[in-house]
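Read-outs throughout are calculated quantities, based only on the coordinates presented, and are distinct from any laboratory measurement. It should be emphasised that the depicted structure is a prediction, and the values quoted were computed from it without experimental measurement. As a convention, Cβ positions derive from the backbone with ideal geometry for all residues, glycine included, and neighbour counts pool all protein chains shown.
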Amino acid sequence: MKRIIQLLLSLMLPLCSFAGDGFIIKGKVTGIISGYVSVIVNNRADGSPVHPPMPEKVRIVNGEFTYAGTIDRPDWVTLKISTKSIPVLLENVNYEINCSFDSLKADKLKGGLMNDHFQAYQKSLKKPLEYVLEHPDLEFSAWMAYFYLTSLEDCTMAEKALSFRAKASPNGQLFMYRMETFRKTAAGTTFPALKMTGTDGKAFNVADMKGKVVVLDFWASWCTPCIAFIPKLREHYRNFKDKDVVFVSVSVDDDVRKWQNAMAEQAMEWNQVLADGAFRKGEGIQQMFNISSIPYVIIVDRQGKIAASLDYIGKETLKDVLTKLIQ
């Protein structure tokens, strides 16, 4: 298994070329007097842009159109035809759509095995992990694992199930890269070097806190659930501050002034730092810890190793984790 993972990782950077000859969408849709066709790429799991960008919209003439371009890896897009939009799992293959405008739906687009699986998944009403486990050999399942699965537990189950072929696909490689990140930041691993700056302008380093338990609460001034969690975090701080537990609120704001204003409004009396990289997808803490949403709490033990990572639901166990660590 280790050799397989190493082989997959060797393919990741750079990712293998998927572009090929690009895609062509040819359509004949009756009932359209005038209009345009365009493709809009939806938010990618890692926030990365499409290379090259999607072409400009093309005009529909007598109900017919040809829209052609290239996408760097299979991904979820919205195909807009006149005033109607349909979801498509787009890859570099040829597509055809031949129907009336009134009957225009996602299943009218023909071509592309990934899109066939995408449409089947949507009709199945299954949860993403359930679908992946039932179809481990599909490249589409690798895309599902990368796009939808975020927890270590779900990703681990998907990794065990997915075939070598699925893992070797472009999105499969990205998923495997995420798994390597999970392993590097799993419980028992040393907290990585994350660049953080305190209110005094000096660097804050978790490694300097050895001998103490460190609670890192990742938040932002614009995050309503984060603000709502502050009173509870204050309660934990007052209960544990005299028990060798250091509390640190790690802001992922990209606007320093908004961060400073929020600190003043909330009057948080524990350590306050600003993380490098803000909360931009594919950068900073999102890339380092696979954090997809905040508030998010990471607890580091006295030896500088990660003891627990708690998401929005898991943070409710913060008191129990701290109680165990200080015993």
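How would you classify segment 196-326 from its alpha-carbon gyration tensor, with a ≥ b ≥ c the square roots of the eigenvalues: rounded for a/c under 1.5, else prolate if a/b is greater than b/c, otherwise oblate?
Rounded.
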Legend entry - Under-5 Å amide H pairs with PHE204, H placed in peptide plane, nonlocal only: MET196, THR197, GLY198
Inset, instruction - Using only the Cα atoms of segment 34-76, build the gyration tensor, take square roots of its eigenvalues as a ≥ b ≥ c, and label the shape rounded, prolate or oblate: rounded if a/c is under 1.5, else prolate if a/b is larger than b/c, else oblate. - result: prolate
Legend entry - Positive-pole candidate from ASN239, TRP222, PHE164, dipole of segment 157-270, charges at beta carbon: PHE164
Legend entry - Additional length obtainable on full extension of the chain from GLN303 to GLU316, 0.36 nm per residue less Cα span: 2.3 nm
Inset, instruction - With runs of 4+ DSSP H residues as the only contributors, calculate the mean residue ellipticity of the chain at 222 nm using -39,500 (n - 2.57) per run, divided by the residue total and rounded to the nearest 500. - result: -10000 deg cm²/dmol
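Let a ≥ b ≥ c be the square roots of the eigenvalues of the Cα gyration tensor of segment 215-254; is it rounded (a/c under 1.5), or, if not, prolate (a/b larger than b/c) or oblate?
Judged from the Cα gyration tensor, segment 215-254 comes out oblate (a/c at least 1.5, b/c at or above a/b).
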Inset, instruction - Could you please rank VAL39, VAL29, VAL246, placing first whichever residue has the fewest other Cβ atoms within 10 Å of its Cβ? - result: VAL246, VAL39, VAL29
Legend entry - Given (1) 57; (2) 46; (3) 51, the label whose value is percent of Cα pairs over 26 Å apart derived from this model: (1)
Inset, instruction - May I ask you to derive the FRET efficiency for GLU180 and ASP276 from their Cβ-Cβ distance with R0 = 22 Å, giving the value to the nearest 0.05? - result: 0.55
Inset, instruction - Order by neighbour count: LYS324, LYS80, fewest other Cβ atoms within 10 Å first, most last. - result: LYS324, LYS80
Inset, instruction - Counting other beta carbons within 10 Å of each Cβ, put LEU113, LEU138 in order, fewest first. - result: LEU113, LEU138
Inset, instruction - With just the Cα atoms of segment 23-122, tell me how far they stretch along each of the three principal axes, in Å, largest first. - result: 39, 29, 20
Inset, instruction - Relative to the longest principal axis of the C-alpha atoms of the chain, give the angle of the C-alpha long axis of helix 152-161, reported between 0 and 90° and rounded to the nearest 10°. - result: 50
Inset, instruction - Give, in nm to one decimal, the length gained when the segment between LYS258 and VAL61 is fully stretched (0.36 nm per residue of separation minus the Cα-Cα distance). - result: 65.9 nm
